[in-house]
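Below is one structure, written out as structure tokens, with a few remarks after it.
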Amino acid sequence: MSEVRIGVIGTGVMGTDHARKLAGGIPGARLTAVQDFDAARASALSRELDVIALAQADDLIAHPEVDAVLVCSPDGTHAALGLKAIAAGKPVMIEKPLAAERTEAEAILHAEMAAGRRLVQVGYMRRFDPGYAEMRRVVANGEIGAPLFLHCQHRNESSPSYLTSDLIIASSAGHEFDAARFVLGEEIASATVISPPEPRHAPGRKPQFIVLQSASGAVVDIEVYTDARYGYDVQAELVCETGTLSLRPGPPTSLRHAARDGLVVPGDWRARFADAYRLQFEAWILSILTGRTNEGSTAWDGYMTMLVTDACLKAWRSGARVEVEQPDRPAFYR
Ligand SMILES: NC(=O)c1ccc[n+]([C@@H]2O[C@H](COP(=O)([O-])OP(=O)(O)OC[C@H]3O[C@@H](n4cnc5c(N)ncnc54)[C@H](O)[C@@H]3O)[C@@H](O)[C@H]2O)c1
């Protein structure tokens, strides 16, 4: 195979952004088909990108001009669509999270192991962000000693009305959990969660402050505030024994305008992580073409992130420190 023909399921915010990237020149990739529950939305994108629009996800997965599937529909659809792609023997990238329910995630692990080859990648794209990738490299090489702290901050400009305090943990914080496992190169052992009061402009949504401890004892603190109003702002500082490493997000220029001097904060994740999404697709396509694995999240990583999420939800509801379940990693995922 010299080219991977891709079909995208779900052409909302992420599916549209991803489809445009795939159509716009990821080496070895060719976007061939899109599908959405909302046929008009899929048709509009298919016309824009000159690809086929299909009525049903099953048709897209089975289509002879689709070699690999990208699932960008809502969380509750991920597992069923992922399982269908695995059954068809087609590589599938599933936008995060791997699944909505733990049992669904386990079904994916079993199906992939039964298929006998790695077919699933989960869209935790921060692993491909040059900043997080450098943190991982420095930890792996031990250049500044062992990690002690990872301070993380996740702020959104605003959030949809359906986002509740527990969904901030269950959905928004998932990227932080995967990034912490990736940077530290080890599992998360325990979780504690505390919340400040609800901001007056976002009733029903408490920001969250999550403290994780890794298997080796490193402490990860995560602020998630989804209604910060000023923009999308993800920061992280890794503190090791003899030095620190900080992300330097933002554009390469600063803006002086209207009596202000400073960096422009992106409105959402698509601009902030544009390079990470592109690099993630490049790595995914290369893996499909060569059969070699990449740094991306496997189904196992997606599952372990769900177990961290479960522990955080229990910790939030109980106010107690909760141990993260540690199932044995199957040889297939080592
Ligand atoms: N990696 C990231 O940075 C990131 C960021 C945001 C969202 N996400 C994830 O991406 C996924 C999509 O999020 P979004 O913000 O694009 O949502 P969205 O609501 O904008 O788009 C979802 C689309 O899926 C369609 N859809 C619903 N059910 C479907 C089905 N059964 N088959 C086909 N299409 C279906 C909807 O009509 C809609 O067009 C979610 O799982 C979300 O968690 C990831």
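The values are calculated or read from the model by the stated rules, or taken from the named source; none is laboratory data. Given the structure is predicted, the values throughout are model-derived calculations rather than measurements. When we count neighbours, we look across all protein chains shown, and the Cβ atoms used for this are built from the backbone with ideal geometry, even at glycine. Remember, those area values only see protein heavy atoms, side chains included, never the ligands or the DNA or RNA. Shrake-Rupley method; radii C 1.70, N 1.55, O 1.52, S 1.80 Å.
Just a few scattered comments:
- Protein heavy-atom accessible surface, 1.4 Å probe, per residue over the chain: 45 Å².
- For the chain, the share of accessible area belonging to carbon and sulfur comes to 53 percent (1.4 Å probe, ligands and nucleic acids excluded).
- Value in Å of the Kirkwood radius, where region 4-122 supplies the Cα pairs that are averaged: 14.0
- Segment Arg20-Thr242, length gained on full extension (0.36 nm per residue, minus Cα span): 75.6 nm
- Largest-first principal axis extents, alpha carbons of the chain, Å: 56, 52, 41
- Most mobile listed residue (Arg47, Arg181, Arg127) in the chain, GNM with C-alpha springs under 10 Å: Arg47
- Residues of region 18-33 with an amide N closer than 19 Å to a point placed 7 Å from the Cα of Thr290 along the Cα-to-Cβ direction: 26-30.
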